[in-house]
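The values are calculated or read from the model by the stated rules, or taken from the named source; none is laboratory data. None of these values were measured; they are calculated from a predicted model. Note: ideal-geometry Cβ built from the backbone for every residue, glycine included; neighbour counts use all protein chains shown.
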Amino acid sequence: MSPLPAFEARLTVDLDALARNLATLRREAGAAEVAPVVKADAYGLGLAPVARRLQAEGARRFFVARLNEGEALRQALGAGPVIYVLDGCPPGAAQRLALAALTPVLNSVQQARDWGPREAALHVDTGLNRLGVSAAEARALAQGPAPIGLVMSHLACGHAPEHPANARQRDAFAAVRQAFPAAIASLANSAGVFLGEAYRFDLVRPGISLYGGGPFERPDPRIEPVASFEAPILQVRDVAPGDGVGYGSAFVADRPMRVAILAAGYADGVLRAASPNGRVWFDGARRSLLGRVSMDLIAVDVTGSAAARPGAMAQLIGRDLPLDEAAAAAGTISYELLTRLSARAARASLGAA
Ligand SMILES: *Cc1c(COP(=O)(O)O)cnc(C)c1O
């Protein structure tokens, strides 16, 4: 795949594919502004290169979760864009938020008091019961002290389009936003963008589908892969019937097999739960993970492949092994798989930052 030899697992982030996903989300969003969510190091893909490319593509408002993420993003992007911090204004945070010109998404009456008469966003809870003020509290906060420039809520079940909670939350949000006629209104995450016009309001906040995850937790042809995670083969060995592979001999061969040992383990972000259902793409086919994932290594069945030799690269996530499929095999979702990719893996990017 790559002409250069690789000695460790490698994460390649395709910034051009990221830009195409942004364009797709903009098309789907119609008149609504697309404001990228770049929390958790842009879902593990690298905050600065991802956010700079999105800024170059015209994004003007960004969301992060934490104060320190907001500060890092301000450093990366400079003074221009609006940066919303979803944690809001926790006790003692007001000064640092103000210093970095961050906009807290206030989520309690106490936070509104602590932030005072400065411009803010407001999170209204409409059924997720995570962060946010009640509709009644929101109506009271519409009178001040903070001028609310953006009012938002978050869907609990957006990934399940038929779930009745979606319409309930949409209606509750449409009602409460009436109290903020001058504010930008925002409800939709990636899934919400695809739920129809009634969910889009003025601004949408996609994260995962920018980064290659399907909006409904399965591969989606409208969304392009962005992350490619590959690992080199370190050694190829023959095992005989009755031989165990890896810790605990959790896999025992029932026939002669060729086994490739790859330089990727849970310290690189291969979830231990990827055993026993995980797959790796190698030499034109999906191949089974054998036995337990260890810290530095995994074993893969390459029986019948003439291409298996040290230095050859296998794909764990990418065009041939979709992110959502790899996540499902490990009993999780794309979000967790991406954000667990560790700093040990080498990083590369395609396309301009
Ligand atoms: C993480 C997050 C998003 C982005 O969600 P995706 O499902 O990744 O598109 C949007 N809004 C809020 C409040 C979030 O916490």
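Structure data summary
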read-out	value
Test for Ser228: is it surrounded by 18 or more Cβ atoms within 10 Å (Cβ to Cβ), polar (S, T, N, Q) and within 15 Å of the ligand (Cβ to nearest atom)	no
Tally, over region 257-302, of residues that are among the aromatic types (Phe, Trp, Tyr) and touching a strand residue (DSSP E or B) at 6+ places or on another chain (Cβ under 7 Å)	2
Selected residue [over 19 Å from Ala191 (Cα atoms), within 16 Å of the ligand (Cβ to nearest atom) and in contact with a Cys (Cβ under 8 Å, 6 or more places away or on another chain)] from Pro90, Pro104	Pro104
Condition met for Ala174 (under 18 Å from Leu323 (Cα atoms), more than 16 Å from the ligand (Cβ to nearest atom), hydrophobic (A, V, I, L, M, F, W, C) and touching a Leu at 6+ places or on another chain (Cβ under 9 Å))	no
Contacts under 8 angstrom Cβ, first residue in region 106-121 being within 12 Å of Pro147 (Cα to Cα), partner hydroxyl-bearing (Ser, Thr, Tyr), 6 or more apart	Glu119/Thr103; Ala120/Thr103; Ala121/Tyr84; Ala121/Thr103
So Arg26, is it of a type in the set (Lys, Arg), surrounded by fewer than 21 Cβ atoms within 10 Å (Cβ to Cβ), closer than 22 Å to Arg222 by Cβ and within 16 Å of the ligand (Cβ to nearest atom)	yes
The one condition in (1) in contact with a helix residue (DSSP H, G or I) (Cβ under 9 Å, 6 or more places away or on another chain); (2) at pLDDT 95 or above; (3) within 15 Å of the ligand (Cβ to nearest atom) that His163 fails to fulfil	(1)
Residue in region 158-169 that is within 30 Å of Gly304 (Cβ to Cβ) and not charged (D, E, K, R) present	no
Residue ID - farthest from the ligand (Cβ to nearest atom), chosen from residues in region 113-160 that are of a type in the set (Gly, Ala, Ser) and touching a Ser or Thr at 6+ places or on another chain (Cβ under 7 Å)	Ala120
Among the candidates Ala274, Ala267, Ala250, Ala240, residue that is within 16 Å of Leu337 (Cβ to Cβ), among the small types (Gly, Ala, Ser), surrounded by fewer than 19 Cβ atoms within 10 Å (Cβ to Cβ) and at pLDDT 95 or above	Ala267
Selection within region 51-63 - touching a residue at least 60 places away in the same chain (Cβ under 8 Å) and hydrophobic (A, V, I, L, M, F, W, C)	Leu54, Ala56, Phe63
Test for Arg96: is it surrounded by fewer than 18 Cβ atoms within 10 Å (Cβ to Cβ) and more than 16 Å from the ligand (Cβ to nearest atom)	yes
Which listed residue, of Arg61, Arg53, is surrounded by fewer than 20 Cβ atoms within 10 Å (Cβ to Cβ) and at pLDDT 95 or above	Arg61
The listed residue being at positive phi and either of a type outside the set (Gly, Ala, Ser) or surrounded by fewer than 18 Cβ atoms within 10 Å (Cβ to Cβ) (or both), out of Gly116, Gly80, Gly46	Gly116
Qualifying position, being touching a residue at least 12 places away in the same chain (Cβ under 8 Å), surrounded by fewer than 22 Cβ atoms within 10 Å (Cβ to Cβ), assigned to a loop (DSSP other than H, G, I, E, B) and of a type in the set (A, V, I, L, M, F, W, C), among Ala188, Ala179, Ala198, Ala172	Ala179
Leading residue by the ranking (farthest from Gly214 (Cα to Cα)) among those in region 314-328 that are touching a residue at least 40 places away in the same chain (Cβ under 8 Å) and surrounded by fewer than 20 Cβ atoms within 10 Å (Cβ to Cβ)	Gln315
When residues of region 277-313 are limited to those that are touching an Asp or Glu at 6+ places or on another chain (Cβ under 6 Å), assigned to a strand (DSSP E or B) and in contact (Cβ under 8 Å) with a residue 24 or more places away in the chain, the one surrounded by the most Cβ atoms within 10 Å (Cβ to Cβ)	Leu290
